[in-house]
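Structure record follows, encoded as structure tokens.
The values are calculated or read from the model by the stated rules, or taken from the named source; none is laboratory data. In this text the structure is predicted, and so the values were computed from the model without any measurement. Cβ coordinates were reconstructed from backbone atoms using ideal geometry, including for glycine residues, and neighbour counts include every protein chain displayed. Accessible surface is based on the protein model in full, side chains and every heavy atom, while ligands, DNA and RNA are left aside. Shrake-Rupley method; radii C 1.70, N 1.55, O 1.52, S 1.80 Å.
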Amino acid sequence: MEVKVNNVLVKLINGDITKEKVDVIVNAANAWLKHGGGVAGAILKKGGYSIQKESDEYVQKYGPVNTGDVAVTFAGNLEAKYIIHAVGPIWHGGKNKEEEKLKSAILSALKKACELGVKTIAFPAISSGIYGFPVKRCAEIFKESIEKFTKNNTCLDEIRIVNIDKEDHEIFVEVFSND
Ligand code: AR6
């Protein structure tokens with residue numbers, strides 16, 4: 001599915017994010033950039049150990065990444081130029097500012113992509129897997145964040161949201177179809 005949000009093309013894709021041909025792939029990371037399962041595990045498996053090595057060096061130098069913030073590494077063997085590691089919140093029932101923190105993670109990744117001077121970016125549904133964030137609410141927050149960001153966007157041409165899970169992907173399609 002494709003929609004134009006302000007001046008940016010937004011594509012929702014059912015598939016493996018590591019196969020996307022984009023300038024930046026966003027990782028659904030944890031604070032210590034220890035890439036375990038889910039998207040992070042897939043990125044490491046295909047991108048190679050250099051991504052973990054660079055991540056470890058980052059944490060050694062700057063400390064753990066705050067929830068809602070991002071860190072950048074190169075993308076190893078992946079076709080992308082960079083990985084933006086975005087740390088989403090763990091869902092604790094919604095009373096721990098999880099929504100605000102997810103929005104911050106998305107907006108921080110978009111802003112960082114502009115600083116890197118890239119044109120295309122692919123996001124996973126940050127926090128909605130191992131971190132337990134409700135998928136529909138996650139999709140709504142993605143939509144709100146992209147609408148907000150693209151009002152003043154002068155750098156990105158295309159934003160993709162890629163999910164390997166068909167049902168989760170369909171929830172995103174439904175949310176982005178509603179005005
Ligand atoms: N391509 C696209 N989407 C995927 C893929 C893939 N290869 N694999 C999973 N998904 P998750 P989180 C979807 O768990 O909740 C890791 O251990 C999945 O269906 O990757 O933010 C990290 O190191 C779900 O909708 O991210 C952290 O510790 C979405 O991606 C922790 O998990 C996000 O699922 C982060 O958990």
For the structure I just gave you, tell me whether K45 is within 21 Å of S128 (Cβ to Cβ) and loosely packed, with under 14 Cβ neighbours inside 10 Å. yes
Kindly state which strands (runs of 3 or more DSSP E) lie completely within the range 1-86 and contain at least 1 residues that are in contact (Cβ under 8 Å) with a residue 12 or more places away in the chain and within 15 Å of the ligand (Cβ to nearest atom). 8-14, 24-29, 70-74
Breaking point among (1) in contact with a Pro (Cβ under 9 Å, 6 or more places away or on another chain); (2) on the phi > 0 side of the Ramachandran plot, for N27: (2)
Positions within the range 126-142 being farther than 18 Å from K95 by Cβ and touching a residue at least 60 places away in the same chain (Cβ under 8 Å), in sequence order: I126, G129, I130
Here the residues within the range 86-107 that are in contact with a strand residue (DSSP E or B) (Cβ under 9 Å, 6 or more places away or on another chain) and open to solvent by less than 30 Å² (accessible area, probe 1.4 Å) are A86, V87, G88, A105, I106
Of S127, S145, the only residue that is at positive phi and under 13 Å from the mean Cα position of the chain (by Cα) is S127
Please specify each residue of the range 130-168 satisfying the condition of being within 9 Å of the ligand (Cβ to nearest atom), open to solvent by less than 10 Å² (accessible area, probe 1.4 Å) and assigned to a loop (DSSP other than H, G, I, E, B). F133
Of all residues in the range 123-163, how many are more than 21 Å from G15 (Cα to Cα) and of a type in the set (D, E)? 2
